[in-house]
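K.L.:
Please read through the structure below; I'll follow up with questions.
Nothing in this text is a laboratory measurement; each read-out follows from the coordinates by a stated rule. None of the values given here were measured: they were computed from a predicted structure. Because the Cβ atoms are built from the backbone with ideal geometry, glycine has one as well, and the counts that use them run over all protein chains shown.
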Amino acid sequence: MNLRMTLATTTRVLDQLRHDHRSVALILVVPALLLTAVYFLYENESLPPGATRTFDRVGLMMLAIFPFVVMFLVTSITMLRERTSGTLERLLTTPIHKADLLFGYALAFSIMAALQSLVATAVAYWIFNLDIKGSPALVVLIAVINAVLGVALGLLCSAFARTEFQAVQFMPVVVVPQILLCGLFVAREHMNQALDNISGVLPLTFSVDALKEIAGNSEATATMWQDALVMGLIVVGVLVLASLTLRRQTR
Amino acid sequence: MSHTARHAAPPAAPAAISATGLHVALGRTKVLHGLDFTVEPGRIAGLLGPSGSGKTTLMRAVVGVQRITQGSVTVLGLPAGSAPLRRDVGYVTQGASVYGDLSVEANVRYFGAMHHATAADVAEAIAAVGLQGFARQKAADLSGGQFSRVSLACALVAHPKLLVLDEPTVGLDPVLRAELWERFAAMAAAGTTLLVSSHVMEEASHCSSLLLLREGLLLAQLTPAELAERGGSEDLERAFLTIIKAAERGQQESQVASS
């Protein structure tokens, strides 16, 4: 690992993104807009006294899911372009270490994800009065870990796609099952055994669990840190797998 | 001039490139069928041959991005593709491998960062390919010839000891082409070895040694003067065609003889 090369990669990826105003706008604004839609969907629900609003539950989970989906898409397309344009092969003829490249990417998109979730969390918190016991800073932290997970999976999946069209098709395969089973639609305790078992090994489930901990406790709990740690380990594992797909030599 | 260069070099300096019995297969297709050659340091070696003759595959094997099936390639005394060589070998692919959505300067700066290049190195590399007026322009907005020069600048910024260039002058006007060849000559005089592929025969005269490749076989390694003599023409293109046709005739005769 070489910090200079990692940071050069981060700067380069952010520089590329900076020239693409439309993508930056979409990354920053769309989650906040969707959150607004969710708020108004449940605007007129009638609640028994003391019950939590559906928005407080669903809106909170969406804060973690957005960065995951968006960063998965952005990363898999960007990395695929890097593979097809020949710049990846060229880079691998230079002294850059694969880890410099992958961590450079992960860092760049984490910065974007942090900005994205700051906007979305701020909107949820201040405009729609999202009611959680824990700190919104922890929500942003979990969102950023989710984003890095999206980056890592995107880097890995780009190796299995030849075209951008194929890369997009990986979303229903990799992302949608995690959203369905993470506990957003049906709580895990109401799932049948098979689905619950699958849910238990999907990374997004851990972030939803962590968010529930944040919502229910004013201080960070051990369970939350444990969830965050598991997510972190999964991210590292996926990044290692992704690095195996970067070959300096073709057969 | 070449003699003084040879004497100035340390006596034990290894060949810049040395291939023995080099075979490469892409999947099931055999592309290179046992090549043997050496390129001395500080020279411009021209790699010439019809399209599909294996020029790019040979260059990729020298750079170390193509796995070889048999034989060996040694670059600057080390097996091609070994880690220390990544600092010393520059590779410019046929299609420009640069980021179209970045400025010229950002591209060169990024590839320079892998070689600890300074801001002055970046400016020098951009000036060397005549793009100093376009440093802040997005690469994708440049013309085709300018775009491919960005790719060259990204290799020059590393000050490589061996520079491998795949068809670097395609799409360039005659003035620029002449300037680039002057640049290459100056680099060679300073000790850099260049391996340059081309299918424009007039460019062969700029090289000190020529590798003639046809269907994955090395037809000959000779100097431009020897090419003119063997091909029986001062026009190198005609000389090359004569040699190619002679090789084809020889092959047909051997097929007739064996059938």
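K.L.:
Which helices pass in chain B if a helix is a full DSSP H run, must span at least 24 angstrom along its long axis by Cα, and must have mean Kyte-Doolittle hydropathy not below -1.0?
P.N.:
For chain B, where a helix must reach 24 Å along its axis and average at least -1.0, the hits are B:236-258.
K.L.:
Give me the angle, in degrees from 0 to 90, between the Cα long axis of helix A:98-122 and the longest principal axis of the Cα atoms of chain A, rounded to the nearest 10.
P.N.:
The helix A:98-122 is inclined about 30 degrees to chain A.
K.L.:
Ignoring the sites themselves, what is the longest stretch of chain A with no GluC sites (Glu not before Pro) in a DSSP loop and at most 13 other beta-carbon atoms within 10 Å?
P.N.:
A:46-218
K.L.:
List the lysines whose alpha-carbon lies under 28 Å from that of residue B:245, not counting same-chain residues fewer than 8 positions away?
P.N.:
Filter leaves B:30, B:55.
K.L.:
Just how large is the dipole of chain B about the Cα centre, in debye to the nearest 20, putting +1 at every Lys and Arg Cβ and -1 at every Asp and Glu Cβ?
P.N.:
Computed charge dipole of chain B: roughly 720 debye.
K.L.:
Helix-only estimate, please: 222 nm mean residue ellipticity of chain A, summing -39500 (n - 2.57) across DSSP H runs of length 4 or more and dividing by its residues, to the nearest 500.
P.N.:
One gets -24000 deg cm²/dmol as the mean residue ellipticity at 222 nm.
K.L.:
Now for a different question. Using the Cα atoms as the points, what is the convex hull volume per residue of region B:120-259 in Å³?
P.N.:
Dividing the Cα hull volume of region B:120-259 by its residue count gives 130 Å³.
K.L.:
Taking the Cα centre of region A:92-222 as origin, work out the dipole magnitude from +1 charges on Lys and Arg Cβ and -1 charges on Asp and Glu Cβ, in debye rounded to 20.
P.N.:
Dipole magnitude for region A:92-222 comes out near 240 debye.
K.L.:
Report, to the nearest 10°, how far helix A:136-157 tilts away from the longest principal axis of the Cα atoms in chain A, using its own Cα long axis and a range of 0 to 90°.
P.N.:
The angle comes out near 40 degrees.
K.L.:
What dipole magnitude, in Debye to the nearest 20, does the protein assembly as shown give about its Cα centre under +1 on Lys/Arg Cβ and -1 on Asp/Glu Cβ?
P.N.:
Computed charge dipole of the protein assembly as shown: roughly 660 debye.
K.L.:
Say R0 is 60 Å: what FRET efficiency, to the nearest 0.05, do residue B:233 and residue A:114 get from their beta-carbon distance?
P.N.:
For residue B:233 and residue A:114, the calculated efficiency is 0.35.
K.L.:
Further question: How long, wide and thick is the protein assembly as shown, going by the Cα atoms along their three principal axes, in whole angstroms, largest first?
P.N.:
101, 57, 39
K.L.:
Can I ask one more? Just grab the label-to-label distance for residue B:140 and residue B:200, each label 7 Å out from Cα along the Cβ direction, in nm (one decimal).
P.N.:
2.8 nm
K.L.:
Under the definition of Cα pairs under 8 Å and six or more residues apart, what whole-number percent is the relative contact order of chain B?
P.N.:
Averaging sequence separation for qualifying contacts and normalising by length gives 23 percent for chain B.
K.L.:
Straight-line reach from residue A:133: which lysines fall under 26 Å, measuring Cα to Cα and dropping same-chain residues less than 8 apart?
P.N.:
Here the lysines satisfying the reach criterion relative to residue A:133 are A:212.
K.L.:
Mind checking the angle between helix A:203-216 and chain A's longest principal axis? C-alpha axes, 0 to 90 degrees, to the nearest 10.
P.N.:
Taking the Cα atoms of chain A, the angle to A:203-216 is about 40 degrees.
K.L.:
If you don't mind, another one. Tell me which of B:218, B:156, B:207 sits at the most positive position along the dipole axis of region B:147-221, charges placed on C-beta atoms (Lys, Arg +1; Asp, Glu -1).
P.N.:
The listed residue farthest towards the positive side: B:156.
K.L.:
Quote the FRET efficiency, to the nearest 0.05, computed for residue A:225 versus residue A:201 with a Förster distance R0 of 25 Å and r equal to the Cβ-Cβ distance.
P.N.:
That pair, residue A:225 with residue A:201, gives E of 0.80.
K.L.:
Turning to a different aspect of this structure: Using helices alone, what [θ] at 222 nm do you get for chain B, with -39,500 (n - 2.57) per DSSP H run of 4 or more residues, divided over all residues and rounded to the nearest 500?
P.N.:
-11500 deg cm²/dmol
K.L.:
Treat each spin label as a single point 7 Å out from the Cα along the C-beta direction, and report the residue A:44 to residue A:133 distance in nm.
P.N.:
It is 3.3 nm.
K.L.:
Restricting attention to region A:1-103, which chymotrypsin sites (Phe, Trp or Tyr not before Pro) occupy a DSSP loop and are surrounded by at most 14 other Cβ atoms within 10 Å?
P.N.:
Counting only loop positions with at most 14 other Cβ atoms within 10 Å, none of the chymotrypsin sites (Phe, Trp or Tyr not before Pro) in region A:1-103 qualifies.
K.L.:
More than 13 Å apart: what percent of Cα pairs in region B:38-82 qualify?
P.N.:
Considering region B:38-82, 60 percent of its Cα-Cα pairs are separated by more than 13 Å.
K.L.:
Ok, one more. What average count of beta carbons from other chains do you get within 10 Å of the Cβ of residues in B:104-116?
P.N.:
Counting other chains' Cβ atoms within 10 Å and averaging over B:104-116 gives 5.
K.L.:
Determine the relative contact order of chain A: mean sequence separation of Cα pairs under 8 Å and six or more apart, normalised by residue count, in whole percent.
P.N.:
26 percent
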